[in-house]
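The values are calculated or read from the model by the stated rules, or taken from the named source; none is laboratory data. Only a predicted model underlies this, so the values are computations on that prediction, with no experimental measurement involved. Backbone-built Cβ (ideal geometry, glycine too); neighbour counts: all protein chains shown. The accessibility values were calculated without ligands, DNA or RNA, using every heavy atom of the protein model including side chains. Shrake-Rupley method; radii C 1.70, N 1.55, O 1.52, S 1.80 Å.
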Amino acid sequence: MARVSAGGRLHFGFCNLSLSHERLYGALGVALAEPRVTVTATPADEVHVSIATDDTNADGLEGGTVSSWTPGDDTVDALRADVRSYATVAADRLGVPGVSVTIESSLPRHAGLGSGTQLAATTLAAVARAYDRQP
């Protein structure tokens with residue numbers, strides 16, 4: 001099993017720093033220790049995604065609540081769909097049959113924490129590591 005975790009990032013961006021250029025963009029980002037996105041991955045015959053819950057065997061929300069996850073405006077189905085997409089791309093690129101990914105924690109969407117980028121990066125790295133490949 002491979003476990004990968006990454007902290008959120010604060011984004012600071014300034015559009016058009018120089019009025020002499022039409023689309024000049026400058027930005028700065030700061031890495032955070034918390035909150036974090038954490039996923040685990042194990043080799044499998046197909047792509048399977050689950051979300052760790054407080055009282056079940058990490059197979060969705062039935063009978064439990066997502067532990068260590070602040071959903072914001074995110075839905076469990078959207079989170080699962082995003083990770084399934086990232087894991088499918090990783091499996092295809094690595095030429096492996098599939099992977100079982102468990103989302104242990106995630107970042108709220110559209111909160112300026114880089115949730116999509118961090119979720120994609122951790123998922124892709126976990127899939128690669130599950131198959132002893134370099135991410």
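One table, with the values for the structure above:
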{"item": "With all protein chains modelled, accessible area of Glu46 [1.4 Å, Å²]", "result": "120 Å²"}
{"item": "FRET efficiency, 1/(1 + (r/R0)^6) with R0 22 Å, evaluated for Met1 and Arg93 via beta carbons", "result": "0.60"}
